[in-house]
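Here the structure comes first, spelled out in structure tokens, and everything after it is commentary.
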Amino acid sequence: MKVLGSYEKARIYIEKHYQESEEAKRHRRRLNPGPIITISRETGTGAAKVCESLIEFLNRRAIEDYNDWAYFDRDLMEKVIEDHNLPEHFRKYLSEEKPAKIDSWFGEILGITPSKLLLLHKTSQTITRLAEYGNVILVGRGANIILSHMKRAFHIRLVAPLNFRIDTAMKLYNLDRKAATEFIKNEDESRKHYILKYFHKNIEDPHLYHAIINTNLLSFDEIAEMIGHCVIRRFPQFFVQSKIELPGIE
């Protein structure tokens with residue numbers, strides 16, 4: 001049996017929910033959409049590993065027609081380009097949070113780069129469209145803020161000590177310690193800047209999340225199970241077993 005990777009699962013999810021007829025959409029998941037999980041994370045906390053374990057955990061327990069969980073992180077930006085027919089060269093502007101001011105100003109005046117606010121709108125629109133059907137884990141891009149009004153959404157933040165995150169980045173990206181430290185610093189600052197600039201929120205504000213988890217203290221599988229159990233408890237109608245039994249607890 002072929003084991004599907006995260007990319008394939010995300011692609012299948014998109015094809016399933018975006019290539020059906022409008023009539024089929026109305027009569028299926030849009031009438032009874034599944035839960036949504038958003039994950040905000042510090043750089044190097046292993047979010048991808050947690051997501052991979054989490055979708056496996058949830059899919060094994062989901063009821064029929066709701067076992068198509070998928071997660072979207074940087075691939076979400078590819079989805080923005082696809083959904084809105086943006087030119088290929090716009091790709092780099094989707095990931096650059098702090099372009100040089102003079103370059104950005106000239107670019108927008110000359111029509112070379114898209115407006116940051118326009119891209120924010122399109123990103124938010126794509127996140128909302130994915131959330132319409134549920135069974136998605138949305139990583140980053142302020143998804144927890146964009147979907148804060150949805151009762152079906154469960155918001156998580158992953159954190160870890162700096163040394164742990166440096167070690168993780170060194171392994172994942174084959175970097176030396178100095179390069180990994182600089183990478184983490186730049187990524188964290190970029191994410192903080194993005195949330196503050198466009199949503200006027202502090203990404204570290206604990207009130208934005210249902211739970212904050214230290215990935216240094218638990219394995220990725222344990223974290224996935226913890227989140228999964230919470231989601232099943234909150235939305236039991238979408239899972240085969242709504243009763244959760246925890247070891248050592250009666």
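The values are calculated or read from the model by the stated rules, or taken from the named source; none is laboratory data. Please read these numbers as outputs of a predicted model, since none were measured by experiment. So basically every Cβ, Gly included, is an ideal-geometry build from the backbone, and we count neighbours across all protein chains shown. Heads up: the accessible areas ignore ligands, DNA and RNA and are worked out on the full protein's heavy atoms, side chains in. Shrake-Rupley method; radii C 1.70, N 1.55, O 1.52, S 1.80 Å.
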Subset of the stretch 153-167 that is under 30 Å from Gly134 (Cβ atoms) and crowded, with 18+ Cβ neighbours inside 10 Å - its residue that is farthest from the chain's Cα centre (by Cα): Ala160
Tally, over the stretch 28-69, of residues that are closer than 17 Å to Leu217 by Cα and among the hydroxyl-bearing types (Ser, Thr, Tyr): 3
Hits in the stretch 168-179 - residues which are in contact (Cβ under 8 Å) with a residue 24 or more places away in the chain and either open to solvent by 40 Å² or more (accessible area, probe 1.4 Å) or touching a helix residue (DSSP H, G or I) at 6+ places or on another chain (Cβ under 6 Å) (or both): Ala169, Leu172
Where a residue in the stretch 194-216 is touching a residue at least 40 places away in the same chain (Cβ under 8 Å) and its partner, wherever it lies, is among the charged types (D, E, K, R) and open to solvent by 50 Å² or more (accessible area, probe 1.4 Å), with Cβ under 7 Å and at least six apart: Ile195/Lys201; Ile203/Lys192; Leu208/Lys201
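Would you point out the residue of the stretch 17-32, among those that are open to solvent by 20 Å² or more (accessible area, probe 1.4 Å) and among the basic types (Lys, Arg), that is modelled with the lowest pLDDT?
First, pick out the residues of the stretch 17-32 that are open to solvent by 20 Å² or more (accessible area, probe 1.4 Å): 18-24, 26-28, 30-32.
Next, from what is left, pick out any that are among the basic types (Lys, Arg): 26, 28, 30.
Numbers: Arg26: 51, Arg28: 67, Arg30: 73.
In this case the residue turns out to be Arg26.
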Number of positions in the stretch 134-156 that are charged (D, E, K, R) and out of contact with any Gly (no Cβ under 9 Å at 6 or more places or on another chain): 2
The stretch 223-241, residues that are loosely packed, with under 14 Cβ neighbours inside 10 Å and farther than 18 Å from Pro33 by Cβ: Arg233, Val240, Gln241
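Residue by residue through the stretch 33-70, note down the ones that are touching a strand residue (DSSP E or B) at 6+ places or on another chain (Cβ under 9 Å) and open to solvent by 20 Å² or more (accessible area, probe 1.4 Å).
Of the stretch 33-70, the ones touching a strand residue (DSSP E or B) at 6+ places or on another chain (Cβ under 9 Å) are 34-42, 45-48, 50-52, 54-55, 58, 61-63, 66, 68-70.
Across the stretch 33-70, the qualifying residues are Arg41, Glu42, Ala48, Glu52, Arg61, Ile63, Tyr66, Asp68.
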